[in-house]
Amino acid sequence: MTTSTLTFAGEGAMRALLRAHDWSGFALGPPTAWPGPLKTVIQLMLDCRRPSCLAWGPQLHLFYNDAYMEVLGEKHPSALARPFWDVWPELRQDLGPAVARALKGEPSLQKNMPFQIMRQGFLEPTLFIFSLLPVRDDEGQVAGLFSLGMETTEQVQAEQSQRFLLALTDGLRPLDEPDRITALACEMLGRHLKASRVFYCEVDHLQRTFFIRSNWVRQGLDSVAGETRRLDDYGPQIIDMLYGAQPVAINDIAQDPRTAPYAQAYRRIGLRAYLAIPLIKSNRLISLLSVHSDVPRRWSRRDRYLCEQLIERTWAAAQNAHAQAQLRTAVDKLKMADAQKDEFLAMLGHELRNPLAPIRSAAELLMRAKLDEGEVRQTSEIIARQVDHMTVLIDDLLDVSRVTRGLIELEKTPLDMRRIVQDAVEQVDPLIRSRHHHLALHLTPEVTTVMGDEKRLVQVVANLLNNAAKYTPQGGHLVLRTELHDQKVVLSVMDDGIGMEPELASRVFELFAQAERTPDRASGGLGLGLALVKSLVELHGGGVTGASIGPGKGSTFTVSLPRLPVQAERAKGQQAA
């Protein structure tokens, strides 16, 4: 057994390498010729379980232990006995001053020094804290440096993660829109993890699709926000994991058997690794968070932890913002409804008082004066006219009350819409004539039979015509048209009257909304007509819309009702016969 073998006796990869190394060309000669302090520190270093190294001599030849092999990564084993700065040229700028001080006898402690370490086939950024201690020779001169280190990556990352989550909470707190919340969360996570793309999406459980609500992309990459994609495109194995609430970490798309068959497609969008985090609520997959990398990357436990925390907090913040928005909308609607109710009651009082004045005057005239037969008839006609007007107002109120309480019962029979139109025009004709309007009827020649209540459908059409006539200046033009569309009978009433603001057009069928639309109450009415029209049409299984391109540009109201099939019409007719 040689002296060299005895010097490095014992187990361990580095002891074996030291014994097998060819020292013939080494500046210090074979181990038997090495200075005592060098051999002593090497033995101490080899016995240490923490990453340790020794740089000796003018060129700082590097020696290290088994634990330090991981720090070196691919630099091992060629780093053994090579000059320190040849092994670590990338550290010279940051570490050079501390090394120089140590060589002068001044020890130092380096905190959180970055190293790139190869782990499980991936270069991974790490942090170490280590000491630089001068080592003296037999004459007491500094001949080398000894370093004892400890990895601090986990500790530092844990602190960074907590700071990140606090910053995320602070950033999301003032936001009140779900889209802004998810967009900020994606951006903050992408920058923190140094990813290439992050997106947050909502899952349609029934359609098995996901909608990408927000995404953050590094400059130069395409955004995918607003896209809808199929879950099945991920592959059955990955989908099963996501539905099972398991994160999916793909470190290298080309190497992972779950994604290797699709590697070419992934590369086209600049994707080489990704991390997908599912969010499960009530045993259903509702959201996904996906983090992309354009280079192979080993996703750490810390990465998964951050993503899991982020998707939970983002979802909660978005839900809260949505609930707050709904609450604000409800409050606004209540305030608006309250204001409209007050305006309506004021208008109702005005409308009901208007007929009372002439009725009272007529009644007093009948009591106090001796009137001839003609004057009595004229006075009675005034009372009858005003009573009729009040009856119409009260009937409108009662109709709305019955509809809103679900007390309306329809007597449905097959009805020809052409007959409905004729009856409605007959009712409204006096108003149209009094305002000198021009009414054009364009009725389709095809059969337009619907199943409905004759009285109520006449009321619907008459209300629309009456509304158009009242809000069109004298001498205006009204058009009533019927058409057939997709087994529907479509009736539209158009005018060139005062029109509507877009805001009013969106709620023109709401109860009391009409009160604001009335600049002139000379024609009377409570503005309940359109609300009643909507309710009656919906009771018939149809729909109604109102539109206007703006004030002074007229309005168009369109009613759509289910058309009775021709075969059914004939059968009804035969039964009646």
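The values are calculated or read from the model by the stated rules, or taken from the named source; none is laboratory data. Quick caveat, the model's predicted, so the values are computed rather than measured. Virtual Cβ from ideal backbone geometry, glycine too; neighbours counted across all protein chains shown.
Overview of results
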quantity	calculated
Residue list for the range 1-32, restricted to those being among the small types (Gly, Ala, Ser), at pLDDT below 90 and outside any loop (DSSP other than H, G, I, E, B)	Ser4
Residue in the range 352-360 that is modelled with pLDDT of 75 or more, surrounded by 10 or more Cβ atoms within 10 Å (Cβ to Cβ) and either outside any helix (DSSP H, G or I) or among the small types (Gly, Ala, Ser) (or both) present	no
Every pair of residues 6+ apart whose Cβ atoms lie under 9 Å, when the first sits in the range 358-377 and is on the phi < 0 side of the Ramachandran plot while the second is surrounded by 13 or more Cβ atoms within 10 Å (Cβ to Cβ) and part of a loop (DSSP other than H, G, I, E, B)	Leu365/Leu371
Residue within the range 452-460 that is outside any helix (DSSP H, G or I) and either small (Gly, Ala, Ser) or modelled with pLDDT of 95 or more (or both) present	yes
Unmet requirement for Val479, which otherwise passes all of (1) over 21 Å from Gly554 (Cα atoms); (2) modelled with pLDDT of 95 or more	(1)
Unmet requirement for Pro134, which otherwise passes all of (1) in a strand (DSSP E or B); (2) touching a residue at least 40 places away in the same chain (Cβ under 8 Å)	(2)
Which listed residue is aliphatic (A, V, I, L, M) and in the same structural domain as Ala225 (by TED's automatic domain parsing), from Leu168, Leu80	Leu168
Qualifying residue in the range 67-80 (condition: loosely packed, with under 12 Cβ neighbours inside 10 Å, of a type in the set (Gly, Ala, Ser), part of a loop (DSSP other than H, G, I, E, B) and more than 48 Å from the chain's Cα centre (by Cα))	yes
Residue that is nearest to Gly497 (Cα to Cα), among those in the range 409-460 that are among the β-branched types (Val, Ile, Thr) and surrounded by fewer than 16 Cβ atoms within 10 Å (Cβ to Cβ)	Thr444
Check on Glu106, touching a strand residue (DSSP E or B) at 6+ places or on another chain (Cβ under 8 Å) and assigned to a loop (DSSP other than H, G, I, E, B)	yes
Verdict on Ala260 being more than 21 Å from Asp240 (Cβ to Cβ) and out of contact with any Asp or Glu (no Cβ under 6 Å at 6 or more places or on another chain)	no
The range 52-111, residues that are touching a Lys or Arg at 6+ places or on another chain (Cβ under 9 Å) and on the phi > 0 side of the Ramachandran plot	Gly73, Gly105
Residue within the range 384-406 that is within 15 Å of Thr448 (Cα to Cα), out of contact with any Gly (no Cβ under 7 Å at 6 or more places or on another chain), modelled with pLDDT of 70 or more and part of a helix (DSSP H, G or I) present	no
Some residue of the range 136-145 being under 18 Å from His192 (Cβ atoms) and charged (D, E, K, R)	no
Count - residues of the range 272-322 that are assigned to a helix (DSSP H, G or I) and of a type outside the set (Gly, Ala, Ser)	18
Per-region count, the range 545-565, residues in contact (Cβ under 8 Å) with a residue 60 or more places away in the chain and in contact with a strand residue (DSSP E or B) (Cβ under 8 Å, 6 or more places away or on another chain)	11
